[in-house]
1. Specify the residue with the greatest mean-square fluctuation among Met155, Met60, Met190, computed from a Gaussian network of the chain linking alpha-carbon atoms under 10 Å apart.
2. Restricting things to alpha carbons, find the Rg to Rh ratio for region 13-55 using the Kirkwood radius for Rh.
3. Sequence gap of 8 or more, or different chains, plus Cα separation below 28 Å: how many lysine pairs satisfy both in the chain?
4. Considering amide H positions built from the backbone, and no H for Pro or chain starts, which residues 5 or more places from Leu31, or on another chain, come under 5 Å of its amide H?
5. What residues have an amide H closer than 5 Å to that of Gly107, excluding those fewer than 5 places away on the same chain, when H is modeled at 1.01 Å from N in the peptide plane?
6. In whole Å, how far is the Cα centre of region 93-119 from that of region 1-65?
7. If you place +1 on the Cβ of every Lys and Arg, -1 on the Cβ of every Asp and Glu, and leave all else neutral, what size is the dipole of the chain about its Cα centre, to the nearest 20 Debye?
8. Gaussian network model of the chain, Cα springs within a sub-10 Å range: biggest mean-square fluctuation belongs to which of Thr216, Thr128, Thr182?
Amino acid sequence: MYFDILTLFPGIFSSPFSESILARAREKGLLEINLINIRDYTHDKHNVADDYPYGGGAGMVMKIEPIYRAWEDIRQQRGEDSPVILLSPQGRRLDQTLVKDLSKERGLTLICGHYEGVDERVRQSIVTDEISIGDYVLTGGEIAAIVLVDAVARMIPGVLGDEQSRIEDSFYNGLLDYPHYTRPREFKGMEVPEILLSGHHGEIARWRRKQALKRTLLRRPDLLAEKELNPEDQELLKEIKAELEGGN
Ligand code: 4G3
């Protein structure tokens, strides 16, 4: 999968995409990151990419022409159209469902805004999807783009070494993750739950599922309300509620 990223600050992306899993995915040819400096598409002597807002007010607005020219160049080079995503606080909130859908695309174009935002006509003319990584404001869209690329890239088959981890992890199945333990068996009086040492794989799976349900019930009841529970999950949830009422 390819990502064409339009930004005024390509340097922000160098280390996040050059370490660990994303670096390996790029080496394997599963992930292509193409950074496009919007400033390269300015035509004036001082390479101006932003300007004062019409109507006055604080801050600067990113100009449309360099962004539009960069996009024209990309689609000509790719020979196909891909979704064009503007990262902004006004966008649809990113969640694992949207991440999964995005990972089915051949490629994505990401536009990183800065200053007070981008000229509204960028949205009108080239943006197909406006996405927000959460209800807070960043100094620019770059960090939001890094978050989106990371979340989408790990859903591409082969990017995670062990495919099971993608399927079992938090949110994939709509529940929070269960607790994990590794050595030592005891640390400062805190023990690893006995069941995990038992070797009973069926019971371990049941315990983990129950812990995931319990955490989700206690921390994110909104997620549980959305989810269809199979009869086994309903049974586990009944046990959890009974235990909680008993004071556990
Ligand atoms: C305003 C994304 C600000 C308009 C970007 C870009 C937060 C997010 C910006 C615009 C951002 C987010 C840059 N801040 N929550 N700042 O995803 O197009």
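Just so you know, all these numbers are worked out from the coordinates, no wet-lab data involved. Because the structure is a prediction, the values reported are computed rather than measured. As a convention, Cβ positions derive from the backbone with ideal geometry for all residues, glycine included, and neighbour counts pool all protein chains shown.
1. So, out of Met155, Met60, Met190, the one fluctuating most is Met190.
2. Computed over Cα atoms, the ratio is 1.25.
3. 17
4. Arg26
5. Tyr2
6. 13
7. Its charge dipole is roughly 440 debye.
8. Evaluated over the chain, the most mobile residue of the options is Thr182.
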